[in-house]
Each structure stands twice: as C-alpha cells, then as structure tokens.
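Student: Before I ask anything, let me first share the structure, which is written out below as structure tokens.
Every number here is computed from the coordinates shown, using simple stated rules; none is lab data. Small disclaimer: the values here were computed from a predicted structure and weren't measured. Methodologically, a virtual Cβ is constructed for each residue, glycine included, from the backbone with ideal geometry; neighbour enumeration extends over all protein chains shown.
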Amino acid sequence: MAHAAELGRRELRRPLWSVRPAVLLLLPAGLFLVVFFLVPYLNMVRMSFLTKAQGAAFTNVMTLENYLRVLGDAFYWRVIGRTFWLAGLATVFTVLLGYPLAYAIARASGPRRPILLMLLLAPLLVGAVVRSYGWMILLGRVGLINQMLRALGWREAELMYNTLGVLIGLVHVYLPFMVLAVAGALEQIQADVELAARSLGASPWRTFWRVTWPLSLPGVFSGGILVFVLALSAYVIPILLGGNNVLVMPMLVVQMLLDAFNWPLGSAMAMVLFGLACAVLWAYVKVMNRALRWIPR
Amino acid sequence: MNANLRQLGFLGVVVALYVFLLAPIAIVVIAAFNAGEYLRFPPEGLSLRWFGRFLGSEPFVRAFWFSLKLASMVTVLSTLLGGAAAFYVVRHAGRSRDLLQLFFVAPLQLPAILTGIALLIFFYSLGLGTRGMAGLLIGHTVVSIPYVFLMVGAVLLRFDRTLEEAARSLGASAWTSFRRVTLPLIRGGVISGALFAFITSFDQFPVSLLLVSVGNTTLPIQLFDYLRFSFDPTAAAASTVSVAMSVAVVWLIDRLVGLEQVTWGGPR
C-alpha cells in the first residue's frame with residue numbers, strides 16, 4: 001500500500017495550484033449534483049416563502065402566507081392524513097407479505113436461490129405505470145376478478161377507484177424493497193443460533209419468535225422506512241387505481257404546479273409533506289432504537 | 001406429519017406471494033397478445049393486432065425511440081460521473097468519506113417526485129424552461145448516479161489493491177494498470193450500475209412527469225396519458241415492450257455479473 005502510494009507520488013508532476021489529481025474524479029459528479037440537485041432543492045425551499053404574482057409565477061417578496069394557507073386549511077389536513085394513513089397501511093402490509101418471501105429467499109439454497117431472486121427483482125424493474133395497468137385489467141369493473149365473481153353467480157365487487165385499489169397497488173409496487181431489506185437481515189443471522197435454540201428444546205415457533213424475528217428487526221425497520229417514504233410520494237398508483245376518488249398529497253402538489261402554476265404554494269405543500277415525513281421518521285427511528293436495545297446480541 | 005404440513009403451508013404462502021407479485025405483469029403481456037377488445041376469460045385467441053396498433057401509433061413509437069435515446073445518454077453520463085465519484089470516495093476520501101457517500105446517495109433517499117419539482121422550478125427560475133431534451137437528461141442522470149455510485153463503490157471496497165501494486169511495480173503505467181487490471185476486475189459493478197441507470201431512466205416516471213414537454217415525451221408518460229382516457233390493449237402492447245426491456249436487463253446482469261452481486265451489493 002505504502003509502496004503504491006510512493007509510486008503514485010513519484011509520477012505526479014505537481015501543478016502550481018496544488019490540487020490532488022484524484023479530486024478530478026470527484027469534481028464532475030460533485031459539481032453536477034450541487035448544481036442540479038442541491039441548488040434546485042434550496043431554490044424550492046426559497047420558493048415556498050415567496051409570493052405568487054399576477055401574470056408571473058412569483059415575485060421576490062418573502063412571506064409565510066403559503067405555509068399558513070396549507071396548515072390552516074382542513075381540506076389539506078384531510079388529504080395529508082389520508083396520504084400518511086395509506087403509506088402506513090402499505091408499510092404494514094409489505095412487512096406481513098414480505099417477511100415470508102424474504103425468509104424463503106434467505107433460506108433457499110442451490111439453484112433455487114437465483115431463480116427466486118430473479119422473480120423478485122423482475123417486477124422491481126417494471127415501471128409503476130405498467131404494473132398499475134396490470135391491476136386495472138384485474139380489478140376493473142369488467143376486470144378478470146369481477147368476471148370470475150359473476151361467473152360464480154356472485155355480486156360484482158368494487159375493487160378499483162377506491163382506497164382498496166390504491167392500497168393493493170402500493171403494496172404490490174413496494175413489496176420487493178421490503179423483501180430485499182428483510183432478506184439482507186435474515187442472511188446475517190447465523191444458522192447456529194437457530195440450531196442452538198432448537199437443540200435446547202425450543203419449538204420451531206418459539207425459535208422463530210424469540211430468535212429469528214428479533215434478530216431480523218433491523219431489516220424490517222430499514223425496509224419500513226424505505227417503503228413508507230416511497231408510498232408517501234406515490235403519484236401514479238393513486239391516480240390510475242384511485243381515479244379521482246383517492247386524493248393524496250403528491251397529486252395536489254403536482255396539480256398546483258403544472259395546472260395552477262402556483263409555484264410558491266406548490267413548493268410550500270411539498271415542503272409540508274416532506275417536513276411531516278421527516279418528523280414521523282424521526283419519531284419512528286427513536287422508538288425503534290429503543291425497541292432494538294432489548295434485542296440480545 | 002406436523003413438520004411436513006408446516007413446510008407445505010409455507011411453500012403455499014410463498015407461491016401465492018409470487019403469484020401476487022407477477023400476476024399483474026403477466027396479465028399485461030397476455031392482454032397484449034389477446035385478440036379481443038378487453039381481456040376475457042377464457043381468452044379469445046392469439047393475435048398480434050395490438051402490437052400492430054402500437055407500431056402504427058405515431059405517439060407511442062416516437063415516445064419509445066425518445067426513451068431509448070434518452071436512457072442511452074443517461075447511462076453513459078451517469079456511469080462516467082458516478083463511477084469516477086465512487087473511485088474517489090472509496091480510495092481517496094479521508095474524513096469526508098461518510099459525508100460524500102451520503103451526498104451521492106441522497107437523490108435515492110429523497111422522493112423522485114420532489115426532485116422533479118425542484119428541477120422544474122429551478123429550470124424555470126433560470127428562464128430555461130423545460131423545452132428540449134436537456135432537462136430530462138439532467139433529471140434522469142441525477143436520480144441514476146446513486147445506483148452507479150453504490151454498485152461501483154461496492155466492488156471497489158472488495159478490491160484487492162495489491163494486484164494494482166503488482167502491475168505498477170512490474171512497470172505498468174497508471175493508465176495501463178487501470179485498463180488491464182482494475183477495469184476488468186470491477187467490470188461487474190460498472191456493468192450492473194450502468195444497466196440499473198438505463199432502466200431507471202427508461203422506466204422513470206416522477207421526474208419525467210414534471211420535465212417532459214410537447215414533442216419530448218417518454219414512453220411511461222405516453223402510456224400514462226393514454227391509460228387515463230382509454231383502456232384498450234394498445235397500451236398492453238406498449239407495456240409489453242417495456243417489460244421485455246426490463247427482463248432483458250435482468251437477464252443480462254445475471255449472465256454478465258450474477259444477480260447475487262447486485263442484490264446484496266451494498267458495502268458489507
């Protein structure tokens with residue numbers, strides 16, 4: 001190592017301005033993200049404090065008006081509540097459905113494993129629009145499920161253009177993220193630990209609840225954060241599977257920006273959603289850290 | 001009997017979950033090859049007419065080529081930028097390493113729709129607007145860089161640097177040792193990073209939604225607009241094309257690198 005560093009140094013013709021050439025590797029991406037990621041975000045924060053002008057998108061007059069309008073309006077609070085409620089439900093269901101899948105993948109051996117993984121990753125790489133469309137074909141009024149119900153002589157069910165449809169779509173689209181996170185945690189658990197519990201007389205059920213489940217909790221928590229944030233900002237799924245019946249915050253924000261051209265208010269709405277999300281996640285991490293402390297290591 | 005029954009039950013649950021994951025995608029593909037106006041059970045026979053409709057629809061075809069061109073450019077740009085940054089952060093960053101890592105992964109942590117909104121406002125604030133392809137290229141690259149960064153970073157962390165030292169001490173120049181030793185060894189991470197960047201761009205929705213403009217529409221946006229007003233299987237044919245792209249990418253990654261490398265690819 002030291003030898004290589006020596007070699008590197010000898011070859012380096014030091015320029016007058018003493019910038020290490022390695023920094024040149026960092027600069028392009030660094031500058032790119034500063035200009036097109038960091039600055040736009042800061043600009044959006046600034047925009048949320050500006051005033052909408054007549055005939056122009058905004059004027060440089062600072063105000064808190066936008067925030068007061070969002071936070072003082074019961075309508076927005078209802079939409080915010082629904083957005084968080086849906087994201088929370090989606091998170092819970094992805095844990096319930098994702099855990100068995102993750103377990104199967106983490107415990108699979110031989111040639112089965114890559115197949116299980118590929119089948120999990122493939123949907124992840126298909127866009128949310130296509131997947132929502134698949135659900136539209138299945139859940140719609142003349143969809144396959146309703147056709148089946150009618151063939152059985154049952155009543156048609158309202159499966160789409162309501163909360164249920166949106167929830168199904170959210171769980172479907174974000175399930176693989178949860179599975180990957182949980183499977184990663186399950187992989188870390190050594191088989192000996194479970195074997196030890198079994199050999200000491202614990203039933204499989206007890207072994208799972210007292211050993212495997214607590215040890216996999218970090219994966220469940222990190223998967224939960226990921227799914228919750230993704231579900232909060234979902235846009236395609238609520239529109240396609242909820243019609244206009246399930247209004248969530250991202251839909252309102254986009255409407256405000258693209259249809260009403262009210263950037264200050266739209267930015268403020270985005271910031272409120274983002275700020276509340278951070279607050280919820282902060283509380284979540286606090287609680288979970290306390291919970292994790294009880295796990296024997 | 002008890003243990004067997006339990007295992008059988010578990011197997012049933014896993015199969016059911018995979019059906020849940022894959023059914024909607026399979027249904028889209030089936031609908032695309034189905035002859036009827038909408039999918040009925042039993043299907044009404046095989047037909048390529050919806051693919052014909054897709055190929056005959058100018059907006060869809062134009063959106064497809066546009067997406068392909070855009071995704072290719074995004075792949076090149078984000079692979080170069082993200083790969084170089086990963087090199088610096090893994091090998092040269094000192095105390096700033098954690099901070100830099102956080103920074104380069106940040107576009108992945110923040111909701112893409114928020115990034116799209118921020119960029120839209122930013123471009124208009126500068127008076128540039130979102131005409132043309134540049135806005136989309138920039139936006140997609142921002143959200144693709146983290147994938148390349150993570151995947152190249154992961155292989156670099158596991159890289160045995162004595163191999164480079166050996167090459168250098170045998171007289172290879174820095175460039176030769178990079179080209180002949182380093183690059184072949186980190187190829188896996190670079191390829192999977194690039195392919196992820198490609199599919200991130202090709203399937204991108206939230207960022208595109210805010211940055212598309214008239215005449216510059218991507219396939220997912222075109223599909224979305226179509227689905228809001230019409231249900232017919234032309235959309236299924238378009239979706240099938242996009243599903244085929246994704247399957248090809250997964251297959252390519254598996255053949256070239258192995259999926260295992262990708263999934264748990266994060267720094268160990």
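Student: Averaged over all directions, how much area does the convex hull of the C-alpha atoms of chain A cover when projected, in nm²?
Tutor: 26.6 nm²
Student: If you take the alpha carbon radius of gyration of the range A:98-156 and divide it by 2.2 N^0.38 Å, what ratio comes out, to two decimals?
Tutor: 1.60
Student: Oh, and also: 222 nm [θ] for chain A, helices only, -39500 (n - 2.57) per DSSP H run of 4+, per residue, to 500?
Tutor: Result for chain A, helices only: -22500 deg cm²/dmol.
Student: May I pose another question? Can you tell me the mean projection area, over all orientations, of the convex hull of the range B:66-145's alpha carbons? Units nm², please.
Tutor: Over every viewing direction, the Cα hull of the range B:66-145 projects on average to 5.9 nm².
Student: Within chain A, which complete DSSP H helices have Cα atoms spanning at least 24 Å along the helix axis and a mean Kyte-Doolittle hydropathy of 1.0 or higher?
Tutor: A:74-107, A:163-188, A:213-232, A:263-292
Student: Arrange A:LYS52, A:LYS286 by Cβ neighbour counts within 10 Å, fewest through most, would you?
Tutor: Sorted ascending by nearby Cβ count, the order is A:LYS286, A:LYS52.
Student: Where does each of B:SER169, A:SER222 land when they are ranked from fewest to most other beta-carbon atoms within 10 angstrom?
Tutor: B:SER169, A:SER222
Student: Using only the alpha-carbon atoms of chain B, report the extent along each of the three principal axes, biggest first, to the nearest angstrom.
Tutor: That works out to 71, 69, 31 Å along the principal axes.
Student: Quick check: the distance between the Cα centres of the range B:80-146 and the range A:45-112, to the nearest angstrom?
Tutor: The distance from the Cα centre of the range B:80-146 to that of the range A:45-112 comes to 20 Å.
Student: Ranking B:HIS140, B:HIS92 by Cβ neighbours within 10 Å, fewest first, what do you get?
Tutor: The most exposed by this proxy come first: B:HIS92, B:HIS140.
Student: At 20 °C and a viscosity of 1.002 mPa s, what translational diffusion coefficient does Stokes-Einstein give for the range A:52-104, taking Rh as the Kirkwood radius over Cα pairs? Give it in µm²/s as a whole number.
Tutor: 146 µm²/s
Student: May I pose another question? Once the convex hull of the alpha carbons of the range A:149-297 is built, what does its volume come to per residue, in cubic angstrom?
Tutor: Dividing the Cα hull volume of the range A:149-297 by its residues yields 158 Å³.
Student: In addition: Only helices at least 30 Å long along their own axis, judged from Cα atoms, and with Kyte-Doolittle mean hydropathy of -0.5 or greater: name those in chain B from DSSP H.
Tutor: B:2-33, B:58-91, B:134-157, B:234-256
Student: Cα gyration tensor of the range A:132-191, axes a ≥ b ≥ c as square roots of the eigenvalues: rounded (a/c below 1.5), prolate (a/b > b/c) or oblate?
Tutor: It is prolate, given that a/c is not under 1.5 and a/b is the larger ratio.
Student: Something else now. Using Stokes-Einstein with the Kirkwood hydrodynamic radius over Cα pairs, what translational diffusion coefficient do you get for the range B:194-251 at 25 °C and a viscosity of 0.890 mPa s, in µm²/s rounded to a whole number?
Tutor: 201 µm²/s
Student: Net charge around B:THR182, counting only other residues with Cβ within less than 12 Å of its Cβ (Lys, Arg = +1; Asp, Glu = -1)?
Tutor: With Lys, Arg at +1 and Asp, Glu at -1, the neighbours total +3.
Student: Of the residues B:ALA167, B:ALA197, B:ALA134, which exhibits the maximal mean-square fluctuation in a Gaussian network model of chain B defined by a 10 Å Cα contact cut-off?
Tutor: B:ALA167
Student: Which FRET efficiency value, to the nearest 0.05, do you get for A:LEU64 and A:VAL34 by plugging their Cβ-Cβ distance into 1/(1 + (r/R0)^6) with R0 = 35 Å?
Tutor: The calculated FRET efficiency here is 0.80.
Student: From the gyration tensor of the Cα coordinates in the range B:126-188, what semi-axes in whole Å does the equivalent ellipsoid have, largest first, with each one equal to sqrt(5λ)?
Tutor: 37, 14, 8
Student: With a 10 Å radius around each residue's Cβ, average the other Cβ atoms per peptide and rank A:26-32, A:247-253, highest first.
Tutor: A:247-253, A:26-32
Student: When the Cα atoms of the range A:183-262 are enclosed in a convex hull and the volume is divided per residue, what value in Å³ results?
Tutor: That works out to 120 Å³ per residue.
Student: Assuming a ≥ b ≥ c are the square roots of the Cα gyration tensor eigenvalues, decide whether the range B:1-140 counts as rounded (a/c under 1.5), prolate (otherwise, with a/b larger than b/c) or oblate.
Tutor: Oblate, because a/c is 1.5 or more while a/b does not exceed b/c.
Student: A further question follows. What shape does the protein assembly as shown have by the C-alpha gyration tensor, where a ≥ b ≥ c are the square roots of the eigenvalues, rounded means a/c under 1.5, and otherwise prolate means a/b greater than b/c and oblate the rest?
Tutor: Note, shape of the protein assembly as shown comes out rounded.
Student: On each of the three principal axes of the Cα atoms of the range A:87-197, give max minus min coordinate, whole Å, ordered largest first.
Tutor: For the range A:87-197, the Cα spread along each principal axis is 52, 29, 29 Å.
Student: Within the range B:111-132, list the residues whose amide N lies under 15 Å from a label point set 7 Å along Cα→Cβ of B:VAL214.
Tutor: B:130-132
Student: What is the distance, in nm, between label points placed 7 Å from the Cα along the Cα-to-Cβ direction at A:SER203 and at B:LEU68?
Tutor: 5.9 nm
Student: Right, another one. Per residue, how much space in cubic angstrom lies within the convex hull of the C-alpha atoms of the range A:224-297?
Tutor: Output value, Cα hull per residue: 99 Å³.
Student: Which one, B:ALA71, B:ALA26, B:ALA235, has the greatest fluctuation when you compute a Gaussian network model over chain B with C-alpha springs under 10 angstrom?
Tutor: B:ALA26
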